[in-house]
1. Restricting to the stretch A:162-198, give me the number of residues that are closer than 20 Å to A:Thr74 by Cα and modelled with pLDDT under 80.
2. Testing B:Ser65 on (1) surrounded by fewer than 18 Cβ atoms within 10 Å (Cβ to Cβ); (2) touching a residue at least 40 places away in the same chain (Cβ under 8 Å); (3) of a type outside the set (Asp, Glu); (4) facing chain A (nearest Cβ under 10 Å), one condition comes back false. Which one is that?
3. For A:Ser85, indicate whether it is part of a helix (DSSP H, G or I) and among the hydroxyl-bearing types (Ser, Thr, Tyr).
4. Can you tell me how many residues within the stretch A:50-82 are part of a strand (DSSP E or B) and within 24 Å of A:Ile197 (Cβ to Cβ)?
5. Within the stretch B:88-98, how many residues turn out to be facing chain A (nearest Cβ under 9 Å) and either surrounded by 23 or more Cβ atoms within 10 Å (Cβ to Cβ) or assigned to a helix (DSSP H, G or I) (or both)?
6. Quick one: in the stretch B:77-87, which of the residues that are over 19 Å from the mean Cα position of the chain (by Cα) and over 14 Å from A:Gly272 (Cβ atoms) is nearest to the other protein chains (Cβ to nearest Cβ)?
7. Out of all the residues in the stretch A:305-331, which are crowded, with 21+ Cβ neighbours inside 10 Å and modelled with pLDDT of 85 or more?
8. For the stretch A:252-297, what are the residues that are away from every other protein chain (no Cβ under 14 Å) and without any contact (Cβ under 8 Å) to a residue 24 or more places away in the chain?
Amino acid sequence: MLGIIIGVSSVIVMVAIGQGSTKDVQDQMGSLGTNVLTVSVTGSDVTFKEEDAEQIKDVNGIEGIAPTVSGRITAKSGKTTTQVSMIGTTSSYLDVRDLQLQSGRFIADLDHENHSKIAVLGSDTAQTLFGLGDPVGESIKVNGTSYKVVGVLESVGSSLGTSGDSTIIVPLSTGQRLASTTNIGTTYVKVENEDTINFVSSRIESTMYSIIGDADSYSVSSQKDLMETASSVNETMTLMLGGSAAISLIVGGIGIMNIMLVSVSERTKEIGIRKAIGAKRKNILLQFLIEAIVLSSSGGIIGVGIGVVSAQIYTVVTGATIAYSIPVMLLSFGFSLLVGVVFGVFPANKASKLDPIQALRYE
Amino acid sequence: MGMVEPIIQIRNMEKMYELGGETVMALKSVSLEIKKGDFISIIGPSGSGKSTFMNMIGCLDRPDSGEYLLDNEEIGKMKSSQLATIRNEKIGFIFQNFNMIPKLTAVENVELPLIYRGMKAVERRKMALASLEKVGLAGRANHLPSQLSGGQQQRVAIARALAGHPPILLADEPTGALDSKTSKEILAIMNSLNEQGHTIILITHDLDVAKQASRVVRIHDGQLYENGGEWFADAQNGAEKHQIK
């Protein structure tokens, strides 16, 4: 019974956690917008400048683009130092990535032209450097140079293990200096109509090919593509977690099997008494069948209950998302019932065939 | 007595066993007639075929040959499920070691034969309690066998045997596991049940127990002797020496 409880509950918890994280990722990626394409230049010996990125804008059906350079920098405020990812970009980034400002302003075109040493902080970066205070108007040191904070972004959460909030955004020209490159790494493209995204995507591909000339040195992907990849990774994880839990369920099943086998052999005398006073074979079978069903289904129900409660505790303690799977609950419950019934009835069937005299003599 | 209908008619019953490659004739052409309302003792030492004969009368086993009419029904050719029904309806068993089901209370044990008759819960509880009343244990209905003395357990067993009003009570060494005082109580109950009209078959190796019955038959080496009375008188003259152990 304990075995089946542990087995059923662990399957439910594992699958709830696995599916929860899948759902988490899907939600996050969905929030990034499904009308955004990511154009990444991956080749190390190709050049892709800001002017090249501007050519993407000429493709039909595009609402806006935001070329970026990125790198990691050290930001310092007073005595607090933190390593964050730096994004150098243009004013359109806010709209293309669908971000919200918590306070202050975003980067303006003028900042880009002037190579201004200004910065917009991600919400985590702001909190790390300034605590609960308002950083707007304060200055920070980025790789030793003084920058003025002009704005703070709303939190966007993290996806695929990268926090979207531990960032610092600077004008593109300033970012190129910090990253010591004029190459644009990633360009975000917002399309006018979500339905035409595949069409736009292939047109961007051809534009990119005409600029770079090497199909292996760039990639154009949508959030949907990323989402699918992430989901498949998560599904594999769910499968693995569920698989290991299923093994414990099988172990629980073996436990039930043992209980049933022992109980039948212990109760041979009882079977003899019952047969002597008029129980037929089917009466004996029915009795053991009912006992097996009651035992294993109550174990299954308790297992489901403990599973749900432990998953709730898990989500409260860790804050992670969980998602219950009704089919998995039914499946594990059904499995425990099946094991109980099969291994309850199999030895009972044998015992019910015993001669009443022999069963009575059994001590 | 002559006009009373026989309830059990056994003619030329034989039973063989294979024991370690050897064939043992446990019953050799045994014939017996028991009438309704009889109180009969079957006496014999262990190994005499007494247990085999009891199993035959109790429909727990089938003879190899011969005829067994119980209440005018031929038992010999019945299937095991039919035998189960016969045991349930015609025979009340009283065993030497009580054979209570330990996890069931006294009244639940008494209910058992009624359950297998498919009787409704309320009705069978009523019958079981009435049966416990007969053996003077109504007050212990909800006790577990472990909370009862040996004598009380045997009285519960008698109540269980009586519960379904079977025509025959078959008692196999009912006092074998009891002290002499309790044995007397149990035998007194059986005597009074016989006076109420129950047919009782008592199987024992103990002369003192056997002489409670109005008729004594003796089984020896698989053969049945109707001379229980004469033999009984001999045994009394010869005192302890003749007592069969």
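1. Residues in the stretch A:162-198 being closer than 20 Å to A:Thr74 by Cα and modelled with pLDDT under 80: 3 in total.
2. All conditions are met except number (4).
3. no
4. Count: 8.
5. Of the residues in that region, 5 qualify.
6. Only one residue fits best here, namely B:Ser81.
7. Those that are crowded, with 21+ Cβ neighbours inside 10 Å and modelled with pLDDT of 85 or more: A:Gly307, A:Ala311.
8. A:Asn258, A:Val262, A:Val294 - these are the residues of the stretch A:252-297 that are away from every other protein chain (no Cβ under 14 Å) and without any contact (Cβ under 8 Å) to a residue 24 or more places away in the chain.
The values are calculated or read from the model by the stated rules, or taken from the named source; none is laboratory data. Because the structure is a prediction, the values reported are computed rather than measured. A quick note on method: Cβ atoms are made from the backbone with ideal geometry, for glycine too, and the neighbour counts reach across all protein chains shown.
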